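The values are calculated or read from the model by the stated rules, or taken from the named source; none is laboratory data. Please read all numbers here as calculations on a predicted model, not as lab measurements. Here the Cβ positions follow ideal geometry from the backbone for every residue, glycine too, while neighbour counts run over all protein chains shown.
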Amino acid sequence: MIYARFNFSFKAPLMRIAHPSRCFFTSSISFARTQLNVSLKPLPSVSSSSMADPSNFSTVSAEDEAKYGFTREEMYSSNLAGTVNPYDRHLFLRHRSYTDWASRVEEDSLPKLFSSTLKSRKNDIPVKTLLTVIEGEQSDGDVLIFPEMIKYKGLTEGDLDGFVEDVLVNGKPWASGVQETFTGSYVFVCAHGNRDKRCGVCGPILIEKLNEEIALRGLKDQVFVNACSHIGGHKYAGNLIIFSPDSKGKITGHWYGYVTPEDVPELLDQHIANGKIIERLWRGQMGVSTESGDGTGEQKLPNGTEVKKNEKPEESTVQKTRENLGGCCQGANGSSCCMTASSEVSETKKTEETTEAHGKKGLCGLTSWVGSWEQRDVLTAAAVVGAVATVAVAYSYYRKVRLN
């Protein structure tokens with residue numbers, strides 16, 4: 001999709017020219033910048049719905065759009081289902097503006113210490129927990145916790161040991177802070193352009209489109225959008241995570257990839273409003289280790305290619321390990337800023353699967369050999385019996401003729 005931007009100082013509209021697409025929706029003429037820059041009223045005890053200001057969005061050239069945007073060649077080239085490692089809790093740390101993040105934001109002061117503290121206590125924390133940085137600005141140090149839907153404000157470096165001990169290890173309210181609860185649906189969009197340009201091109205456009213569609217539907221007090229740091233899988237950009245209640249009121253966290261602006265209305269109207277998973281874009285979810293969501297059978301890629309739900313993404317184990325260990329979410333000390341899945345567990349599982357596969361292969365080979373041996377033996381025995389019978393009949397005939 002090509003996005004042509006005009007000089008907003010003259011309040012000219014933002015024009016989108018749609019390209020042929022698989023999606024159900026086509027691009028439309030957006031609101032003027034003054035209409036998009038809506039200050040979303042927060043819920044009680046919850047910060048504003050989005051810290052993302054369209055004035056922060058960088059102009060995307062046609063060249064960058066073709067190379068890094070929604071029309072790049074690698075779009076829809078991989079199966080998405082199963083590209084999220086299993087985990088049970090997600091922490092989001094507010095820290096500065098996403099446009100100011102370094103490539104390795106987890107190495108910056110508070111995120112770095114938070115990540116190191118989580119790593120040092122990982123054996124004491126009862127559930128697998130991820131940490132992702134989100135835009136903060138005036139609310140740096142705030143922590144949002146899903147699926148508990150609780151929030152603590154203003155954590156500092158000196159607070160981290162006590163916070164992790166109380167909240168994450170012992171499951172109690174933080175003794176040095178005030179626990180707040182919040183409601184609504186939250187969308188976290190990877191816009192970490194200094195880490196990967198694909199996210200830098202796709203993320204801000206998706207944030208702008210989300211805020212536009214949210215305003216059109218009158219959902220500004222119910223759906224909240226934030227830019228987040230790298231969550232793994234640059235090649236799947238646009239990447240986003242939606243935390244919202246399901247039909248039973250349970251908070252779920254669903255990951256989506258290859259999201260384009262045309263998919264935004266469907267995500268709002270189907271996933272957030274009705275709890276329906278958009279299977280063709282679905283990567284995985286919090287609390288689920290299987291490779292497909294509820295009601296998912298076969299995953300169909302938007303380019304028409306069908307892949308079975310148990311197929312792995314077109315990415316080698318070495319590549320995946322490198323991404324998990326060396327991505328933006330990964331600290332220099334090996335701690336994870338958004339993915340805490342242990343590479344050792346993955347390697348162990350891989351070894352077990354390989355051993356099991358070899359064992360099955362060997363067993364099948366043995367069965368096949370035994371089957372072939374038994375068939376050959378039976379045929380040989382039959383031939384011997386036939387020969388003996390023939391000799392017996394011939395001998396009997398010979399004796400009868402001789403006696404006569």
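For every residue, the table says whether it meets (1) free of Cβ contacts under 8 Å to residues at least 60 places away in the same chain; (2) among the polar types (S, T, N, Q); (3) within 27 Å of Ser116 (Cα to Cα).
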| residue | (1), (2), (3) |
| --- | --- |
| Thr132 | no, yes, yes |
| Leu144 | yes, no, yes |
| Pro147 | no, no, yes |
| Gly158 | yes, no, yes |
| Phe163 | yes, no, yes |
| Trp174 | yes, no, yes |
| Phe188 | no, no, yes |
| Val225 | no, no, no |
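Mind listing just one residue for me: the one in segment 232-246 that is within 14 Å of Lys197 (Cα to Cα) and either basic (Lys, Arg) or touching a strand residue (DSSP E or B) at 6+ places or on another chain (Cβ under 6 Å) (or both) and, of those, surrounded by the fewest Cβ atoms within 10 Å (Cβ to Cβ)? Full working, then the answer.
Initial filter on segment 232-246 (within 14 Å of Lys197 (Cα to Cα)): 232-239.
Among the residues that remain, those that are also either basic (Lys, Arg) or touching a strand residue (DSSP E or B) at 6+ places or on another chain (Cβ under 6 Å) (or both) are: 235, 239.
Details: Lys235: 19, Asn239: 30.
Looking at the filtered set, the residue picked out is Lys235.
So Val105 fits all but one of (1) out of contact with any Asp or Glu (no Cβ under 9 Å at 6 or more places or on another chain); (2) surrounded by fewer than 21 Cβ atoms within 10 Å (Cβ to Cβ); what number is the exception?
Val105 satisfies every listed condition except (2).
Out of (1) at pLDDT 95 or above; (2) touching a Cys at 6+ places or on another chain (Cβ under 8 Å), the odd one out for Asn211 is which?
All conditions pass for Asn211, except number (2).
If Ile241 passes every condition in (1) among the β-branched types (Val, Ile, Thr); (2) closer than 22 Å to Met286 by Cβ; (3) more than 13 Å from the chain's Cα centre (by Cα) but one, which one does it miss?
Only one criterion is unmet by Ile241, namely (3).
Only residues that are at pLDDT below 85, closer than 16 Å to Gly203 by Cα and either surrounded by fewer than 21 Cβ atoms within 10 Å (Cβ to Cβ) or of a type outside the set (Gly, Ala, Ser) (or both): list them for segment 47-102, please.
Selection gives Met51, Asp53, Pro54, Ser55, Asn56, Phe57, Ser58, Thr59, Val60, Ser61.
When you scan segment 184-201, how many residues do you find that are at pLDDT 95 or above and surrounded by fewer than 21 Cβ atoms within 10 Å (Cβ to Cβ)?
2
Tell me which strands (runs of 3 or more DSSP E) are completely within segment 123-228 and hold 3 or more residues being hydroxyl-bearing (Ser, Thr, Tyr) and closer than 30 Å to Glu73 by Cα, or say none if there are none.
Working: elements: 129-134, 143-146, 150-152, 185-190, 223-228.
Where strands (runs of 3 or more DSSP E) fall fully within segment 123-228, none carries at least 3 residues being hydroxyl-bearing (Ser, Thr, Tyr) and closer than 30 Å to Glu73 by Cα.
Output the residues belonging to segment 151-176 that are β-branched (Val, Ile, Thr) and in contact with a strand residue (DSSP E or B) (Cβ under 9 Å, 6 or more places away or on another chain).
First, pick out the residues of segment 151-176 that are β-branched (Val, Ile, Thr): 156, 164, 167, 169.
Within segment 151-176, just Val167 meets the criteria.
Based on this model, can you work out whether Gly232 counts as under 15 Å from the mean Cα position of the chain (by Cα), assigned to a loop (DSSP other than H, G, I, E, B) and within 23 Å of Tyr68 (Cα to Cα)?
Working: under 15 Å from the mean Cα position of the chain (by Cα): yes; assigned to a loop (DSSP other than H, G, I, E, B): yes; within 23 Å of Tyr68 (Cα to Cα): yes.
Yes.
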